[in-house]
1. Order 34-43, 62-71, 15-24, 90-99 from most to least packed using the mean count of other Cβ atoms within 10 Å.
2. Calculate the radius of gyration of the Cα atoms of region 3-118 to one decimal place, then report Dmax, the largest Cα-Cα distance, as a whole number, both in Å.
3. Report, in deg cm²/dmol and to the nearest 500, the calculated mean residue ellipticity at 222 nm for the chain, where each DSSP H run with n ≥ 4 adds -39500 (n - 2.57) and the sum is divided by the residue count.
4. Please report how far the C-alpha centroid of region 9-53 lies from that of region 70-99, rounded to the nearest whole angstrom.
5. Roughly what would the spin-label model give for His48 and Leu70, points 7 Å off Cα along C-beta, in nm?
6. Say each of Gln19 and Asp5 gets a label point 7 Å from the Cα, pointing the same way as Cα to Cβ; how far apart are those two points in nm?
7. Could you grab the relative contact order for the chain? Cα pairs under 8 Å, six or more apart, rounded to a whole percent.
8. Which residues among region 28-65 fall inside the zone where the amide N is under 16 Å from a point 7 Å beyond the Cα of Arg115, along Cα→Cβ?
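Each value in this text was obtained by applying a stated rule to the coordinates, not by laboratory testing. Keep in mind the model is a prediction, meaning the values are calculated, not measured. Ideal geometry is used to build each Cβ from the backbone, glycine not excepted, and the neighbour counts take in all protein chains shown.
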Amino acid sequence: MENIDFDRIVTEALEALPQVFQDRMANVEIVVEEWPDRETMRLTGTRHPAELLGFYHGIPLTERSQGYTLVLPDKISIYRQPIERMCRTPEAIRAQVRRTVMHELAHHFGLDDDRLREIGAY
């Protein structure tokens, strides 16, 4: 899949979010990267880069105080190569991108992996 198509799929997933969520993402940058870097893999305990589909780099909204000002934007990385390698069709890629975007946004809004498992998001 061409990079531009993948970027468009990520944009579509973000645009499909309800406005209430879009309004709370003012200081979040969503980027498409080919692969996770070594530091991100170390932080997640990932052994192979194909195992990581996305990552939230930042401070969740639920952990911020009034002193949280003048900081760089949080970043959500969506990793193109791992997603494309696991999916066989454009429809599967679109569905996985949406799941990955939603998963990483859940971290931004304060839900950790344990809570996501509890509510059946996995």
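1. In descending order of packing, they fall as 90-99, 34-43, 15-24, 62-71.
2. That works out to 14.3, 46 Å for Rg and Dmax.
3. -13000 deg cm²/dmol
4. Using only Cα atoms, the two centres lie 6 Å from each other.
5. 4.6
6. Placing both labels 7 Å along Cα→Cβ, they lie 3.3 nm apart.
7. Computed over the chain, the figure is 30 percent.
8. 56-65
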